[in-house]
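Below you'll find the structure, written out as structure tokens, and then a few comments.
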Amino acid sequence: REELVAEMASAFACASLSIQPTVRHVDYIGSWLAVLREDEKAIFRAASAASKAADYLLAFAPEAV
């Protein structure tokens, strides 16, 4: 679950900062699928947690970014 949240938070932060992320989803897709098969609402909880994490990190970014 943490990998999914971390990857989504990274994507959100990169999008906000106009950074082209390094995509390595293949490395994690197996664990993501297992999580999503166990809990169909996991994606929504992960997205919510990722958004909060990205917002927290972006609060430390300089205004010019």
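Counting only residues that are over 26 Å from ALA61 (Cα atoms) and of a type in the set (D, E, K, R), the stretch 2-51 holds 6 of them.
The listed residues are SER16, SER10, SER48, and the only one of them that is in contact with a helix residue (DSSP H, G or I) (Cβ under 7 Å, 6 or more places away or on another chain), surrounded by 11 or more Cβ atoms within 10 Å (Cβ to Cβ) and part of a helix (DSSP H, G or I) turns out to be SER16.
Checking the structure you have, find out if any residue of the stretch 25-43 is more than 11 Å from the chain's Cα centre (by Cα), modelled with pLDDT of 90 or more, in a loop (DSSP other than H, G, I, E, B) and surrounded by 10 or more Cβ atoms within 10 Å (Cβ to Cβ). Yes, that holds for at least one residue.
Pairing each residue of the stretch 1-25 that is more than 24 Å from ASP39 (Cβ to Cβ) with any residue that is assigned to a loop (DSSP other than H, G, I, E, B), provided the two are 6+ apart or on different chains, yields C-beta distances under 8 Å for ALA13/ILE19; CYS14/GLN20; CYS14/PRO21; LEU17/ALA61; LEU17/VAL65. Taken over the stretch 51-65, the residue count meeting the criterion of being surrounded by 10 or more Cβ atoms within 10 Å (Cβ to Cβ) and acidic (Asp, Glu) is 1.
Across the stretch 25-65, what is the total count of residues that are closer than 15 Å to GLU2 by Cβ and basic (Lys, Arg)? Here the count works out to 2.
The values are calculated or read from the model by the stated rules, or taken from the named source; none is laboratory data. Predicted model only: the values in this text are computed from it and were never measured. Note that each Cβ is placed from the backbone with ideal geometry, even for glycine, and that neighbours are counted across all protein chains shown.
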